[in-house]
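Participant: Can you read through this structure? Questions will come right after.
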Amino acid sequence: MKSTGVTRKIDELGRIVIPKEIRRNLGIRDGESLEIYTDEDSIILKKHSQIEKYGDLGSRLSEIIKNIFKVDVIITDREKVIAATSDKMIVDKKLNKDLIYLIDNREELVSNTTINFDGISVSGKFSIVPIIASIDSLGLIMIHTIDDKDYVNLARLMAKILSDKINIY
């Protein structure tokens, strides 16, 4: 564990303020959920990823899509890759600023491009759709192929399945 050197007092309601610089460095947005853990005499705050707890469902769905359509599927949360049928080396790799922009702005993209995942480059045609549950943009479905087909509707279907699952719970 790394010390920040920052101390804060707890107010009468049991609240503390996480300094803006720490929130910025960790990518914690206003209104974002944090999980609270304890370990002996420590309190640990961890960013909560709603989509990550459905990683198994996403992985199984991705494998089915890969087998039927012969495409690769990448699923992300707001920070990192949580499932990939192609290059397992990109799982847990951080997203670049362009992908985070798509999440934040709820934008779809269909493009022949190279995407860098924290030092690992993947090239080809990408159909990218945000996963939106309730009012939050939680991550991306990325269909990757080397042919020139557009799989945006397939990506939309996968995003809808995951967002409906999250909205139920």
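Participant: Search segment 117-146 for residues being over 21 Å from L57 (Cα atoms), at pLDDT 90 or above and of a type in the set (A, V, I, L, M, F, W, C), and hand back the single one that is surrounded by the fewest Cβ atoms within 10 Å (Cβ to Cβ).
Facilitator: The residue in question is I120.
Participant: Could you please let me know if E21 is modelled with pLDDT of 85 or more and within 27 Å of V81 (Cα to Cα)? Please lay out each step first, then the result.
Facilitator: On the way: modelled with pLDDT of 85 or more: yes; within 27 Å of V81 (Cα to Cα): yes.
When the stated conditions are applied, E21 passes them.
Participant: Sticking with this one: Would segment 95-116 turn up any residue that is over 28 Å from S33 (Cβ atoms), in contact (Cβ under 8 Å) with a residue 40 or more places away in the chain and in contact with a Ser or Thr (Cβ under 8 Å, 6 or more places away or on another chain)?
Facilitator: yes
Participant: Still on this model: Restricting segment 88-107 to residues that are in a loop (DSSP other than H, G, I, E, B) and buried (at least 16 other Cβ atoms within 10 Å of the Cβ), which is nearest to the chain's Cα centre (by Cα)?
Facilitator: Going through the qualifying residues, I end up with L95.
Participant: Only one of these conditions is not met by R60: (1) part of a strand (DSSP E or B); (2) within 21 Å of L154 (Cα to Cα). Which number is it?
Facilitator: (1)
Participant: Kindly establish whether S86 is small (G, A, S) and without any contact (Cβ under 8 Å) to a residue 40 or more places away in the chain.
Facilitator: For S86, the condition - small (G, A, S) and without any contact (Cβ under 8 Å) to a residue 40 or more places away in the chain - is not met.
The values are calculated or read from the model by the stated rules, or taken from the named source; none is laboratory data. Given the structure is predicted, the values throughout are model-derived calculations rather than measurements. A quick note on method: Cβ atoms are made from the backbone with ideal geometry, for glycine too, and the neighbour counts reach across all protein chains shown.
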